[in-house]
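To start, the structure under review is shown below, and the notes come after it.
The values are calculated or read from the model by the stated rules, or taken from the named source; none is laboratory data. Because the structure is a prediction, the values reported are computed rather than measured. Every residue, glycine among them, receives a Cβ derived from its backbone with ideal geometry; neighbour counts consider all protein chains shown.
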């Protein structure tokens, strides 16, 4: 396994990838979504996956989460190979996912949505869970709304509730605490101001929660890419066609990769096939 070398206080420390894909392929019917993808994600990274619609970006998130299994290749979670789906074994770290449509239970209150995992899979008292839920809601700027239902919330508030659920931590079982969050189009359908609120929250949670210091995001939105990414990969045709830093996007005209240039310039002409 290749390793990253990091200099820390004059010493060189070996760091293994938190998530690693080795030759991962995934197809749906005759349509190849991912074609022998190699990918490494390290602790503390903010990775954003971009590319045209239908190129497998969300599929990567679902493979990391264990909601899908690869047709070929291997997925490693903190050095441990995952066999099958997430329910087929126990991952060595907690992984949370924020879905594009928030995926809240309409019949449950905000408190019950945010505390769902602990209510279902812990022996904690209702009082303790309620306190933990309130702390989580406060972190996303929604203190005091635990008794509301999703239908009473705006789109941006629903997104933040789903964030609060994703960062819920168990006070006595650190294994259940999320070490990485997967964001699937977190600003989709939001107005520019609400999008900025979510983008700021993504960065804030990475720094201030004490958990979830790593995230992988799928997004099409230019402001979200520029405001949340550190490292970026461009996916097209089942392959990673480009990898770079967010700083590389400062001047799109200077980027040599024609896929990235066409994507950000929104041009019809170029190597990306336009579907009518």
* Asked: Does the range 52-80 hold any residues that are surrounded by fewer than 14 Cβ atoms within 10 Å (Cβ to Cβ), at pLDDT below 95 and over 23 Å from residue 190 (Cα atoms), and which are they?
  -> 79, 80
* For the range 40-51, state whether one or more residues are surrounded by fewer than 16 Cβ atoms within 10 Å (Cβ to Cβ) and over 14 Å from the mean Cα position of the chain (by Cα). => no
* Looking at the range 225-254, which of its residues are in a loop (DSSP other than H, G, I, E, B) and free of Cβ contacts under 8 Å to residues at least 12 places away in the same chain? -> 250, 251
* Take the residues of the range 87-98 that are crowded, with 17+ Cβ neighbours inside 10 Å and not in a loop (DSSP other than H, G, I, E, B): which is modelled with the lowest pLDDT? -> 94
* Asked: Before we move on, is residue 33 surrounded by fewer than 11 Cβ atoms within 10 Å (Cβ to Cβ), part of a strand (DSSP E or B) and either at pLDDT below 90 or in contact with a helix residue (DSSP H, G or I) (Cβ under 9 Å, 6 or more places away or on another chain) (or both)?
  -> no
* Look at residue 216 and say whether it is within 24 Å of residue 161 (Cβ to Cβ), in contact with a strand residue (DSSP E or B) (Cβ under 7 Å, 6 or more places away or on another chain), surrounded by 15 or more Cβ atoms within 10 Å (Cβ to Cβ) and modelled with pLDDT of 95 or more. => yes
* Considering each residue of the range 47-89, count those that are over 30 Å from residue 227 (Cβ atoms) and in contact (Cβ under 8 Å) with a residue 24 or more places away in the chain, and give that number. => 6
* Which ranges mark the helices (runs of 4 or more DSSP H) fully within the range 99-209 that have 1 or more residues being under 21 Å from residue 226 (Cβ atoms)? -> 155-166, 192-208
